[in-house]
Amino acid sequence: MRKKNGFTLIELLVVIAIIAILIALLLPAVQQAREAARRTQCKNRLHQIGFALHSYHNSYETLPPGVVNRVGPIQNQAKGYHHSWLVALLPYIDQPVLAESIDPLLSIYDEKNLKSRQIIVPVYLCPSDPASELSLPVNNAVALSSYAGNHHHRSGAIDTNNHGVLFLNSRVRHKDIYDGTAHTLMVGEAKRFPEDLGWASGTRACLRNGGIMVNETPEGSRYYNDPSANPAFELAVDEEMFGEFDGSYENIYTDEMSEDGMGAEEDGEQSEKSEVLLPPSPEKPSGFEYDPGGFGSHHVGGTQFLICDGSVRFISENIDIPTYQHLLDRADGIEVSDF
């Protein structure tokens, strides 16, 4: 009688074990390949944003204002006119219909602009970011952005005298970036928060600074509720955050604005609408509504930045602090070439 060929139970278990080991070895490689592809796509989207910013500059001979509002500093709340630089870029990223749907005569938080704010703009999203594309329903589930403009090189509120490139009522020209466009950061990745006010809002939702190192800004609600999450500073703010607006971006600027986009006050001083006081006591953490926080991403080891010359660089989270802040300051007289 002929013997039947087959596998024993032990042989079957060995084969299964070998297959499991091979899968375990293969999965990290597959995940790394997918992340590399997402990172490349993120880089391409930053290139698109850079091209749009340069196209805007070619049209108006200035970069768009980081946020438009009659007074500052900007509060991270739905109070004010607050049209963001991402709104100004819509016609240059092939979104003319969306741009037309936003009423420039009204606050960005007006009910008539809500539907437009809820539209997800793919170019404004990093594919590596696992967070929701929409904010919490408490903020009307508006669409968020993964990218933020550089408004200042240190911790501080979004105001007219910031040293970045996109800030309150700014109108920075390429020739105003005295340190050189190849040595100044313009836009970087920023981790989205469910409490943010969306890409159309010129608050921390699309503007960040260099006060906190790359990837160190806490995520989620803790940023707002934990006094240890961010260096605190106190601001005395004019309560009138929004007045009548005639719909013209050009006319929003006051005589206090100088040609280089800085406030009329001397460098380092606050505008008449705000006053920097000493850091508050731990029981009165009043600065969190004003400091937008820093840049960060879900890429391992650092964050991608758009440089003012249109190139995109990956900056390590271990970058030297002074070097990082020099890159965010458009006119401190220090050209950083090795970073």
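Computed from the coordinates by the stated procedures, all read-outs in this text should not be read as laboratory data. These figures come from a predicted structure and were not determined experimentally. Cβ atoms come from the backbone with ideal geometry, glycine included; neighbour counts cover every protein chain shown.
At full extension, Val138 and Leu114 could sit 7.3 nm farther apart than now, given 0.36 nm per residue minus the alpha carbon distance.
Count Lys and Arg as plus one, Asp and Glu as minus one, and take only other residues whose Cβ is under 9 Å from that of Thr217; the net charge is then 0. Taking amide H as placed 1.01 Å from N in the peptide plane, Tyr147 has its amide H under 5 Å from the amide H of Ala190, each at least 5 places away in sequence or on another chain. Sorted fewest first by neighbouring Cβ atoms within 10 angstrom, Asp309, Asp329 come out as Asp309, Asp329. Neighbour counts of C-beta atoms inside 10 Å place His152, His183, His47 in the sequence His47, His183, His152, starting with the fewest.
Rg then Dmax, both in Å and based on the Cα atoms of region 31-108: 15.7, 47. In this structure, the amide hydrogen of Ser170, modeled 1.01 Å from its nitrogen in the peptide plane, lies closer than 5 angstrom to those of Gly66, Val67, counting only residues at least 5 positions away or on a different chain.
Would you order His83, His54, His326 from fewest to most other beta-carbon atoms within 10 Å of each residue's own beta-carbon?
Fewest to most other Cβ atoms nearby, the residues stand as His54, His326, His83.
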